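Single-structure report; data block below.
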């Protein structure tokens, strides 16, 4: 993964456009942003470089920049070299320089696409990196190129000949991306919001599964085209699960995610999701090298529930396993850093991100640049413990739909930004588009909590991989949410610590101070207070979507898995 940043001169020179921009509160000037007193005389290129510095942790290997002076536009790329290490530095351009690309992510079907482009160009097409195929696809398909991509991505393309910008974000928002507008109507796009807030009074999340195609210098309003449209989003599916196809589709996803030119490892919590990804990856890598040892990593407080099971899996698959221990105090020290890096005030996301942030720093110190992880399975298959309370199959399905389509705001946000805070790429095979589409097309009766011999969440996943992939005590282990699995004392302490910073009088004013996403607890109030100090721009507040448990299903307000009555330790938190 990497970091992308762009400014496109969008101020209009014709009277109609200027009138429209004036009505929207912009002055319609054709000159680029004025310099500030802090940086007098700063050029556009210098400003772009400085703004992108705020996300340079995402791509510490190389900064690339192209300025288009006549168009008042600039594109910056912060690169983390994973594929195409020698030749894939960005921005990338086509042969005549009319098309320029900055991209963040991985295109997993780039080899297949390269073969198709060879036929299109009628000569061998040798991509400089996996993302390079986006340029070729644009030349062949135009805006429809997104229908041919498989992967996790956020990209911005500039067609200089037609003075047009094209941007897109992958279907589930695995990669973060934001878009904003300055006081002159110019368009700003970045991987992280912190790059935009200095100059953009308006900032928003770039919609997932969407395309932004804009003719620069016109009065056309912004338009996001939703390109990811599947029947399972709006209809309850009736397809009966085929466990063999289910297993093969996930194995294929893992295989595609192993394309890599640098050292890699896997996160291994000891839960079924990360354990299966580690096991499948090991089997695939040993097809060519029987002695291959996957490096695996788990994190927690001393005595954390996850350590016992992650070691069992590591022994079973023969990995080189690392346990990263942290103290409660070390975790609490990270709260402000996490809110800065993740750009959120959501309680669940902050709780779970701190252990991952600590673990990723250790992984970086080991010289790894990429890790596999198990994010996504709980959303697709209803793996969170509160799904035990689903009243019927239809509600179960639509709740999984909601969770999948909001991954960008919590688990994907955590995974992407916690890892890239240290320049490590995290890949999520469960969110492979083909696997998600098949799994979400399976009838909810098959994905719900099994009423057969084992009443447990994610039954079909466990059943499909019940042939020597994992030991039974891990394969059939109850769900332990990551922030709980690193040590129960972590959740109890961070809740108490955060709440202690807010007194009763202050909390009583929560609705008055924060009418949007009003904090429902002192812990949430504390995180919100820090967030607004870091990001005072009020449009930033609306980029955050909080996850609140389904209280209409009888679930507890606290998002911890232990707060759910089905959890084996639930009595401790509910007493």
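Among the residues of segment 142-166, count how many are more than 17 Å from residue 99 (Cβ to Cβ) and either assigned to a strand (DSSP E or B) or touching a helix residue (DSSP H, G or I) at 6+ places or on another chain (Cβ under 6 Å) (or both). The total comes to 4.
Taking the conditions (1) free of Cβ contacts under 8 Å to residues at least 24 places away in the same chain; (2) over 24 Å from residue 265 (Cβ atoms) in turn, residue 381 satisfies each one other than (1).
Of the residues making up segment 130-141, at least one is more than 25 Å from residue 419 (Cα to Cα) and out of contact with any helix residue (DSSP H, G or I) (no Cβ under 7 Å at 6 or more places or on another chain). For the residues 48, 86, the requirement of being more than 21 Å from residue 416 (Cα to Cα) and either assigned by TED's automatic domain parsing to the domain that holds residue 427 or crowded, with 18+ Cβ neighbours inside 10 Å (or both) singles out 48. The set of residues from segment 296-340 being in contact with a strand residue (DSSP E or B) (Cβ under 7 Å, 6 or more places away or on another chain), surrounded by fewer than 18 Cβ atoms within 10 Å (Cβ to Cβ) and touching a residue at least 40 places away in the same chain (Cβ under 8 Å) comprises 302, 311. Of all the criteria given as (1) surrounded by fewer than 22 Cβ atoms within 10 Å (Cβ to Cβ); (2) more than 17 Å from residue 237 (Cα to Cα), the one not satisfied by residue 394 is (2).
Under the condition of being part of a strand (DSSP E or B) and in contact with a helix residue (DSSP H, G or I) (Cβ under 8 Å, 6 or more places away or on another chain), which residue from segment 210-219 is surrounded by the fewest Cβ atoms within 10 Å (Cβ to Cβ)? Checking each candidate, the answer is 213. Residue count for segment 254-271 satisfying the condition of being over 20 Å from the mean Cα position of the chain (by Cα) and under 22 Å from residue 358 (Cα atoms): 4. Of everything listed in (1) more than 21 Å from residue 104 (Cα to Cα); (2) outside any helix (DSSP H, G or I), the single unmet condition for residue 368 is (1).
Please work out if residue 242 is over 23 Å from the mean Cα position of the chain (by Cα), assigned by TED's automatic domain parsing to the domain that holds residue 109 and modelled with pLDDT of 95 or more. It is false that residue 242 is over 23 Å from the mean Cα position of the chain (by Cα), assigned by TED's automatic domain parsing to the domain that holds residue 109 and modelled with pLDDT of 95 or more.
Counting only helices (runs of 4 or more DSSP H) wholly contained in segment 489-558, the ones carrying 2 or more residues that are touching a helix residue (DSSP H, G or I) at 6+ places or on another chain (Cβ under 8 Å) occupy 504-508, 522-534, 538-541. Consider residue 348 carefully, then state whether it is crowded, with 20+ Cβ neighbours inside 10 Å, on the phi < 0 side of the Ramachandran plot and part of a loop (DSSP other than H, G, I, E, B). When the stated conditions are applied, residue 348 does not pass them. Of 446, 411, 432, all but one fail to be buried (at least 18 other Cβ atoms within 10 Å of the Cβ), in the same structural domain as residue 275 (by TED's automatic domain parsing), out of contact with any strand residue (DSSP E or B) (no Cβ under 8 Å at 6 or more places or on another chain) and under 21 Å from residue 236 (Cβ atoms); the exception is 446. Of the residues examined, residue 23 is not one that is out of contact with any strand residue (DSSP E or B) (no Cβ under 8 Å at 6 or more places or on another chain), surrounded by 14 or more Cβ atoms within 10 Å (Cβ to Cβ), over 25 Å from residue 134 (Cβ atoms) and at pLDDT below 95.
Residues in segment 520-566 that are over 26 Å from residue 197 (Cβ atoms), crowded, with 22+ Cβ neighbours inside 10 Å and either modelled with pLDDT of 80 or more or over 23 Å from the mean Cα position of the chain (by Cα) (or both): 562, 564.
Listed here are the residues, each with its yes/no results for (1) assigned to a loop (DSSP other than H, G, I, E, B); (2) at pLDDT 95 or above.
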| site | (1), (2) |
| --- | --- |
| 168 | no, yes |
| 171 | yes, yes |
| 175 | yes, yes |
| 180 | no, yes |
| 183 | yes, no |
| 188 | no, yes |
| 194 | no, yes |
| 204 | no, yes |
| 207 | yes, yes |
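Kindly indicate whether residue 274 is surrounded by 23 or more Cβ atoms within 10 Å (Cβ to Cβ) and touching a strand residue (DSSP E or B) at 6+ places or on another chain (Cβ under 6 Å). When the stated conditions are applied, residue 274 passes them. Of note, residue 89 satisfies the criterion of being assigned to a loop (DSSP other than H, G, I, E, B), modelled with pLDDT of 95 or more and in contact with a strand residue (DSSP E or B) (Cβ under 6 Å, 6 or more places away or on another chain). Considered as a group, the residues in segment 119-176 that are within 17 Å of the chain's Cα centre (by Cα) and at positive phi include one that is surrounded by the fewest Cβ atoms within 10 Å (Cβ to Cβ), and that residue is 151. Of the residues 233, 225, the single one that is surrounded by fewer than 16 Cβ atoms within 10 Å (Cβ to Cβ), within 30 Å of residue 178 (Cα to Cα) and in contact with a helix residue (DSSP H, G or I) (Cβ under 7 Å, 6 or more places away or on another chain) is 233.
Only one of the numbered conditions (1) closer than 22 Å to residue 475 by Cα; (2) touching a helix residue (DSSP H, G or I) at 6+ places or on another chain (Cβ under 8 Å); (3) touching a residue at least 40 places away in the same chain (Cβ under 8 Å) is violated by residue 255, and that is (3).
The values are calculated or read from the model by the stated rules, or taken from the named source; none is laboratory data. In this text the structure is predicted, and so the values were computed from the model without any measurement. Because the Cβ atoms are built from the backbone with ideal geometry, glycine has one as well, and the counts that use them run over all protein chains shown.
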